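The values are calculated or read from the model by the stated rules, or taken from the named source; none is laboratory data. Every value quoted in this text rests on a predicted model; they were computed, and no experiment measured them. A quick note on method: Cβ atoms are made from the backbone with ideal geometry, for glycine too, and the neighbour counts reach across all protein chains shown. Heavy atoms of the whole protein, side chains included, go into the accessibility calculation; ligands, DNA and RNA do not. Shrake-Rupley method; radii C 1.70, N 1.55, O 1.52, S 1.80 Å.
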Amino acid sequence: MATRMPAELLMIIFNDVKDRGQVHLLRPTNNWIWVTHVCRYWRAVALACGELWFTIHVRPDVPAHLGLLRASLARAGNKSVSIHVAELAFSEEFKRDFVEIIAPHWERLAILGIQSPAATSIHPGLTFPMPKLEWLDLRGSETLKFDEPSFVPFEGQFPELEYLHLERVYYPWKWPADVFGYVTLLRLWDYAHGPLPAMTELLEMLAACDSAEKVDLSQCLPIATDVVPGAHPQPRERFLPSLKEICLSDSVARVTNFLAHVQFDPATHVRLQLKYGHRRGEEEADDPHLAQVAVSRALQRRTREPARHEELVFPCVRVIVNGEDFQEGWMAIIRCHPSCHLHCGESCKDDDMPLIVEIDAYMPFEDSEVDGSTFRVLFIRSMLGVASTRPQCMHIMLSKGQDDAIESVAWIEILRAFAHLTRLEITGEAFEKLLLALWVCPERPALCPNLRHLTVEMHSVRGETIHALRNCVASRAAFGMKLDSFTLKVPAEGPRDGHPVALLAIAQHFAYVAERFQCLSFIPERWEPLPESMAEEEGELFCATLLFRRCDDLTPITQSAI
């Protein structure tokens, strides 16, 4: 029966079998080769199927894969080939024979990915031209010693290179400029323990990337010198108009220093990954207050024609704060959106974010220390920088354990800068300190005076949160800052928990607020995606929604009710 199957159908099946075995690129399997051992007909079809041999995945710890590499290169004919070496230790045979096997096929290499840190021993052997190479992915040693052989391409070696990903491969900023002429995606990762480029070297390398659309620089920015918060920025030396996306991951001082030398187009998406938790013995002074300067510089853009500077404005901001983890510490993500459904209450769009600020630790590093106070300052200053975009809508998601990271006084400092907010959504648990900052009292100026719509989604029903929320809503109404709508979402085990009788106990907590609000509906709905804190619960989870709208013809609330 198998011998009667059309060759075209068998080829589709063979390719599917191969793809299934190579899903995990770190440890690919080549068991698909057994289809050539079933019968003569299958073997003939497999040998004639060039697609099986164009893309070659090999494991450097398995010497037998060298034979597969030879056979694949021979059976691919004159077609371009892609070679991927898994991130595993090299056998002695692989170190000795790999370059000798691929060198004769230099004219056909389209993709070369050697992801193992042990590959530094064969990098110097890549001395032959690769005129059709479009994708180059090389990794360097993970040890802290940098006496390994260097790899410097010669001029004209990669005339069509479009994708370049290097980790701990030294020193790309000293490579010939023509290597980067057609590169559209450039990634330089993990140079934290080695020599770093001078600012002039890095800028010259970026200037050579005329076609670059995406640049990712992780822990390879020059050491910051004389970066002072509030100081007048230096003249921008490089304008990178072709960039669609850039990611900068390093200490806040280095990121701030780099942003003082470059300018981006208003359409460029910028991701700042600000690291904290200094490695012991590191002498670099890294002031977390510089986060506000870094965000401000990332927001300052320059147009091409006519050449002018402008400050970006975003109507919506989304914030995620994760609690302390044993290994990773606190983390925050701030996303700025250029569009938002302010009036219909729908979720903001996620497909277009010109600015993302991420704050996390230098973990996992054995010689690193997590500092909660540094995280707090980084978060506050980053939020103050984002506040200059004058957002009207903000969604804050607080994960379990964050309560110790951001105090009420910090939230007060942050929210004071968001005077244009009209809609606020809070999701998570244990956010009493955030609600406390929103209370209105005679002792301090009111925060977010234009706030009109408040949505609170609780992942667990806590008495402290209900009490803080009730006082927050009531105090704002008492001092003339009435909410037009208030939505409360609480977890429910099933549709019956969404019935008005089942939710009456929660609604009674807002009894005096009902003098100002009318509960219009109780809406049971499926809760998707499930909150992580409830992921282990059995059965289907639902979210019961209580929607309140202000009714002007009802008796106004009195201050004595607070």
Original post:
Want the number for LYS214 to ARG416: 0.36 nm per residue separation, take away the alpha-carbon distance, what's left?
Top reply: 69.2 nm
**OP:** Return the long-range amide H neighbours of SER251 (sequence gap of 5 or more, or a different chain), with a cut-off of under 5 Å between placed amide H atoms.
**Re:** LYS275
Subject >> Heavy atoms of SER399 accessible to a 1.4 Å probe, total area in Å² rounded to 10 >> reply: 40 Å²
**OP:** Find, among the trypsin sites (Lys or Arg not before Pro) in region 43-116, those assigned to loop by DSSP (not H, G, I, E, B) with at most 13 other beta-carbon atoms within 10 angstrom.
**Re:** LYS79
Original post:
For ILE13 and GLU107, what is the calculated FRET efficiency with R₀ set at 25 Å and r taken between the beta-carbons, to the nearest 0.05?
Top reply: 0.20
Original post:
Can you list residues whose amide H is under 5 Å from HIS395's amide H, if they're 5+ apart or on another chain and H is modeled 1.01 Å from N?
Top reply: VAL317, ARG318, VAL319, GLU425
Original post:
Once you put a point 7 Å from the Cα of GLU160 and another 7 Å from the Cα of HIS467, both along the Cβ direction, what distance in nm separates them?
Top reply: 7.1 nm
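Hey, got a sec? Which chymotrypsin sites (Phe, Trp or Tyr not before Pro) in region 70-158 land in a DSSP loop and have at most 13 other Cβ atoms within 10 Å?
Sparse-neighbourhood loop chymotrypsin sites (Phe, Trp or Tyr not before Pro): PHE154.
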Subject >> Sparse-neighbour loop sites [GluC sites (Glu not before Pro); region 77-147; at most 15 other C-beta within 10 Å; DSSP] >> reply: GLU142
Original post:
So what J values fall out for region 248-254 if you push phi through Karplus, 6.51 cos²θ - 1.76 cosθ + 1.60 with θ = phi - 60°, rounded to Hz, Gly and Pro as x?
Top reply: 10, 10, 5, 5, 5, 5, 5
Original post:
Given H placed on each backbone N at 1.01 Å, which residues far from VAL169 in sequence or on other chains put an amide H within less than 5 Å of it?
Top reply: GLY140
Original post:
Roughly how many nanometres apart are two label points built 7 Å out from the Cα toward the Cβ at ASP97 and SER121?
Top reply: 1.5 nm
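Greater than 32 Å separation of Cα atoms is the criterion. Which listed pairs, LYS132/LYS244; LYS214/LYS433; LYS174/LYS275; LYS95/LYS275; LYS244/LYS433, meet it?
In this structure, LYS214/LYS433; LYS95/LYS275; LYS244/LYS433 exceed 32 Å between Cα atoms.
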**OP:** List, in order, the whole-Hz ³J(HN,Hα) value for each residue of region 446-458 obtained from phi through the Karplus relation with A = 6.51, B = -1.76, C = 1.60 and θ = phi - 60°; use x for Gly and Pro.
**Re:** 5, 8, 6, x, 9, 5, 10, 10, 10, 10, 10, 10, 9
**OP:** Using only the Cα atoms of region 61-211, build the gyration tensor, take square roots of its eigenvalues as a ≥ b ≥ c, and label the shape rounded, prolate or oblate: rounded if a/c is under 1.5, else prolate if a/b is larger than b/c, else oblate.
**Re:** oblate
Original post:
Accessible area per residue, 1.4 Å probe, Å², for region 83-187: what's the number?
Top reply: 41 Å²
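If I take every Cα pair under 8 Å that is 6 or more residues apart in region 376-448, average their sequence separation and divide by the length, what percent do I get for the relative contact order?
Relative contact order, region 376-448: 38 percent.
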Subject >> region 69-150: relative contact order in percent, alpha carbon pairs under 8 Å with at least 6 residues between >> reply: 31 percent
**OP:** Note down the nm distance, to one decimal, between modelled labels 7 Å out along Cα→Cβ at ASP265 and at THR200.
**Re:** 3.0 nm
**OP:** Using the Karplus curve 6.51 cos²θ - 1.76 cosθ + 1.60 with θ = phi - 60°, work out ³J(HN,Hα) for each residue of region 469-485 in order, rounded to whole Hz, and write x for Gly and Pro.
**Re:** 5, 4, 5, 5, 5, 5, 5, 5, 5, 5, 9, x, 10, 6, 7, 7, 8
